[in-house]
Amino acid sequence: MTPKNILHFALGPIGGALLGFISLPIVAWIFSQENVGKMALLNVVLSFASLFFTLGLDQCYVREFHDSRNKPLLLKTAVLPGLTLLLILLTVCLAFGPWMAEIVFSIESIFISWLLALAILASFLSKFLSLVLRMNERGLAFSMSQLLPKAFLLIIILAYLLFDVAKTFEHLILANTFSIVCACLIFAWNTRSEWLLSLNRKIDVQQLRKMLHFGLPLILGGIAFWGMTSLDRILLSRWSSYNELAIYSVSVSFAAAATIFQSVFSTVWAPTVYKWASKDEGHDKVIMVMRYVLILVIVLFCLAGLFSWMVPFILPVEYAAVQWILVACLAYPLFYTLSETTVVGVGIARKSVFAMLACILSLSINLVCNFMIIPRYGAAGAAASTAISFWAFLILRTEFSIRVWKPLPRLLLYSFTFLCVFGAVISALEKEKLGFYLYLYWVGLLLGCGTVFRNELSRFFLKLFEKVLNLKVNPYT
């Protein structure tokens, strides 16, 4: 993948994060804290649907794309089983009227149930259609499909302000559903040449059986992963309050800025590493990439710890606790991205059962931590539990990959990530006692990273200066 393509793929996450930083404070200011908390449950449901109903075939599509001679048929084979199951379930649920809205949001409303069903269906289709753009390296179309729906959401929210629309939960979920449907329509238009060709293709039962054999073990792993990222919000709504849930969801939304890094890296990494594997090469390259990603993860943790004090200046006073919870919320996108560099052996060896096992074990840790911490600490406890479980997730994925593939150096990996998660958890749970000492901790960790990885940093900055200043610098002098 060329630097130009990488830049095209980066436009969507970067632009989406910027729009998110604009829209998030606006939503926090104009909608009640309870409604913001309930809105977080929509993302919980959407993430579960996209993980469960894909039946693991989305990952199989990525894995088999470069080896497939009939890519439109591969897409249809991956989409159709889950789509059929989802349509049947949504039809049954809507037959019970307001049942869906009552279960998810504790609101008896047929209108909200239909909006929820529409959002689930559009989100499911968008996941597969985005993979088509991603695997064909159509970075600009991929980015625009991500960027425009967030722009639509911002426009709708601003229209609510301009025309003094009632700031109710119904209008909030309507704005979000509309943006999700727009995303699906944009994805469908940009991939029309691929899915239109698939319509008249007949599914190969043998290929479907092979793909299900790879994908089905990922369902349990997918549900477990969903639990790691979503159960804390459900438990907060049950064991604490919607206000605490709102604080936590806003913290997660701010931490989602790190998904710029996650989205761009994951988009580029999966096709690249499997291309290396098809040529029986890449072990040394994987180690090199792992070290550079580790450096970036440490730096981002430290910068978040040092500058999180700025968050309260853009949010209402009731969200002041976000500044302390934010660092722990970074564990999900950053540790997940880092684990993508170390888990490659599982995908290369096609041992998807180990990916499932890593998720299930990490979920168990997450549940235990939530049970122990949420009742006392609320949103801070949920953030700490997520940070701890994703550190365990990183370790488990790394160890399983080494077991089925090749060894990877991991002493520095585990040491520095432990220091990151320790600082994040202490920041969330003991912010009032430590205060200024937390800033010293992050400064010390940043200096330690610079010292240990000075060779990698020197090479990186020398190459950067070469390109920016167009100088011929020898990195070994």
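The length gained on full extension between Asn200 and Ser32, counted as 0.36 nm times the residue separation minus their Cα-Cα distance, comes to 55.6 nm.
If Lys and Arg each add +1 and Asp and Glu each add -1, what is the summed charge of the other residues whose beta carbon sits under 9 Å from the beta carbon of Val132?
Numbers: positive: Lys71, Arg134, Arg138; negative: Glu194.
Here the charged neighbours net out to +2.
The 3J(HN,Hα) values that the Karplus relation (6.51, -1.76, 1.60; θ = phi - 60°) gives for the stretch 145-154 are, in residue order, 5, 7, 6, 4, x, 5, 5, 4, 4, 5 Hz. Gly and Pro appear as x. Out of every Cα-Cα pair that the stretch 224-477 contains, those further apart than 33 angstrom amount to 23 percent. For the peptides 228-237, 90-99, residues were scored by their other Cβ atoms within 10 Å and the scores averaged per peptide; the highest-first order is 228-237, 90-99. Note on the stretch 390-453 and the stretch 59-100: Cα centroid distance 38 Å, given to the nearest whole angstrom.
Taking all C-alpha pairs of the stretch 110-210, those more than 18 Å from each other amount to 57 percent.
Just want to confirm a number: the relative contact order over the chain, from Cα pairs under 8 angstrom separated by 6+ residues, in percent.
Computed over the chain, the figure is 19 percent.
Working note: Debye formula, equal point scatterers on the alpha-carbon atoms of the stretch 341-477, no solvent; log10 I(q)/I(0) at q = 0.10, 0.11 Å⁻¹ is -0.52, -0.61.
According to the Cα gyration tensor, what semi-axes, each the square root of 5 times an eigenvalue, does the equivalent ellipsoid of the stretch 1-215 have, listed from largest to smallest in whole Å? Don't jump to the answer; show the numbers that get you there.
Numbers: eigenvalues 206, 107, 32 Å².
Taking √(5λ) for each eigenvalue gives 32, 23, 13 Å, largest first.
In terms of the mean number of neighbouring beta-carbon atoms within 10 Å, the peptides 408-414, 26-32 order highest first as 26-32, 408-414. With K and R counted +1 and D and E -1, the other residues having a Cβ less than 15 Å from that of Ser230 yield a net charge of +2. Using the Cβ-Cβ distance between Phe313 and Ile88 with R0 set to 45 Å, the FRET efficiency from 1/(1 + (r/R0)^6) comes to roughly 0.40.
I want to check the label-to-label distance for Val299 and Ile107. Put each point 7 Å from Cα in the C-beta direction and report it in nm to one decimal. According to this spin-label approximation, the distance is 4.3 nm. Legend: residue pairs Lys167/Lys433; Lys127/Lys285; Lys285/Lys463, Cα-Cα distance threshold 26 Å; pairs beyond threshold, Lys167/Lys433; Lys127/Lys285. Shape summary: the chain maps onto an equivalent ellipsoid whose semi-axes, from the alpha-carbon gyration tensor, are 32, 31, 22 Å in decreasing order.
Only aspartates and glutamates eight or more places from Lys38 in sequence, or on another chain, were considered; those with a Cα closer than 13 Å are Glu102, Glu170, Glu244. Bridgeable aspartates and glutamates around Lys275 (alpha carbons under 20 Å apart, same-chain partners fewer than 8 residues away excluded): Asp58, Glu64, Asp67, Glu137, Asp284, Glu340.
Bear in mind these aren't lab numbers, they're just calculated from the coordinates by the rules spelled out. It should be emphasised that the depicted structure is a prediction, and the values quoted were computed from it without experimental measurement. A quick note on method: Cβ atoms are made from the backbone with ideal geometry, for glycine too, and the neighbour counts reach across all protein chains shown.
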